[in-house]
Amino acid sequence: MKKGKILDKGMIEDFAQKVSDDSARKVFYLISEYVDEIATSLSQTNPLLNVQNIELLMAGDLLTGTFISVSEPEFYLSVRSAQIEINSVGPMENKFRIMWNRFKSAWATRNKNTRRYQKKEKKKALKKSSEITEKQLLEKKEKPYSLLNFKDDFFEGLVQNMTNMTVLYNTPSKIRILGRDEFGFRININPVIKHDDYYKVWNPNSNKFIEIYLDKAKKLLEEKAAEISKLNSVDFNDEDLLYKIIRIFKNLYYNLCQSYNYQFVESLIYACPNSLFKTKEEENYVYNVFLKVLNYLNNVSLAEIRSIYNQEVNLYKQHNISVFQIKTFLKDIKNYLD
């Protein structure tokens, strides 16, 4: 989207409207069936896995009821296993090992453009390809089962269930399904460790696990929506008003920043005082509330806003977004407004 006065009242109010998530929910139930089948199969050979400790969960826009036209359904593939969690810490969270390996790789390839280096590497590659021994295969097989292995196993199982029209990617942190013909959406499946009231999710940008309280986040939004609803009179009451404002900012972030990393918006809007949502106007009240919220966010200190997914940390650490990025985003909205 190019700069210019192109955001008008009609566009903002259109962004606020609820988008049906029925199709995305059908996809969830279908993939849940696949997950149950794969879990049953894996449990026959892996004592750490069974149907009872594996579950597929809705997350993101589906969870919070803020699904928009460009939403990508976000699911959590959870496993409850202390052993798998322990096995995952070493290979996934050892930042120093990752940094050291990168340093060694950079040092080893410092002269990679020389003819002598290329000739040497070619010989090494040929030798290595012919030296796959039974001992190496055994060591690989006996490696502790981690969340990465869990993800890989389910990726292979999903590949067997999908049609040839569906493209699947096994990324370092999640399974990504590009199945618009089969499902109508691009889908993200994130492997997570389940605890009693939270989930441990691998954050590849910070090389560590983060704790996410899914149920708590949903409850906080529902409680705030109910409080806002009580502020307004019966004639102008809109129980969906909080979610409309969230949808507006999510749509704007996607269009202005070309990014799906907009889950911070729930925390941003949740931090706004309930009084901003009070209105006595019958017409254009959504647009006017949006303007009040935008003005408030442009003038308040954003540094200490907490994440509704984990109120122990701020939203920047939780969602890998900086104060500068959010301030720039808010400023751009004002510049685009008609």
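The values are calculated or read from the model by the stated rules, or taken from the named source; none is laboratory data. Model, not experiment: these values are computed from the prediction. Cβ atoms come from the backbone with ideal geometry, glycine included; neighbour counts cover every protein chain shown.
See the values below:
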{"quantity": "Filtered residue count, segment 203-260, keeping only those that are crowded, with 17+ Cβ neighbours inside 10 Å, at pLDDT 95 or above, more than 24 Å from Ile187 (Cα to Cα) and of a type in the set (D, E, K, R)", "calculated": "1"}
{"quantity": "Total residues in segment 39-88, condition touching a Leu at 6+ places or on another chain (Cβ under 8 Å) and either exposed (fewer than 15 other Cβ atoms within 10 Å of the Cβ) or aromatic (Phe, Trp, Tyr) (or both)", "calculated": "3"}
{"quantity": "Evaluation of Pro172 against (1) out of contact with any strand residue (DSSP E or B) (no Cβ under 7 Å at 6 or more places or on another chain); (2) at pLDDT below 90; (3) crowded, with 20+ Cβ neighbours inside 10 Å (one fails), failing number", "calculated": "(3)"}
{"quantity": "So Lys317, is it among the basic types (Lys, Arg) and modelled with pLDDT of 90 or more", "calculated": "no"}
{"quantity": "Criterion violated by Met11 - all others in (1) free of Cβ contacts under 8 Å to residues at least 24 places away in the same chain; (2) loosely packed, with under 15 Cβ neighbours inside 10 Å satisfied", "calculated": "(2)"}
{"quantity": "The lone exception for Ser71 - which of (1) outside the structural domain of Tyr260 (by TED's automatic domain parsing); (2) touching a helix residue (DSSP H, G or I) at 6+ places or on another chain (Cβ under 7 Å); (3) farther than 17 Å from Gly184 by Cβ it fails", "calculated": "(3)"}
{"quantity": "Lone unmet requirement of (1) among the hydroxyl-bearing types (Ser, Thr, Tyr); (2) more than 19 Å from Asn205 (Cβ to Cβ); (3) modelled with pLDDT of 95 or more for Ser301", "calculated": "(3)"}
{"quantity": "Hits in segment 266-278 (condition: of a type in the set (S, T, N, Q) and surrounded by 20 or more Cβ atoms within 10 Å (Cβ to Cβ))", "calculated": "Ser267"}
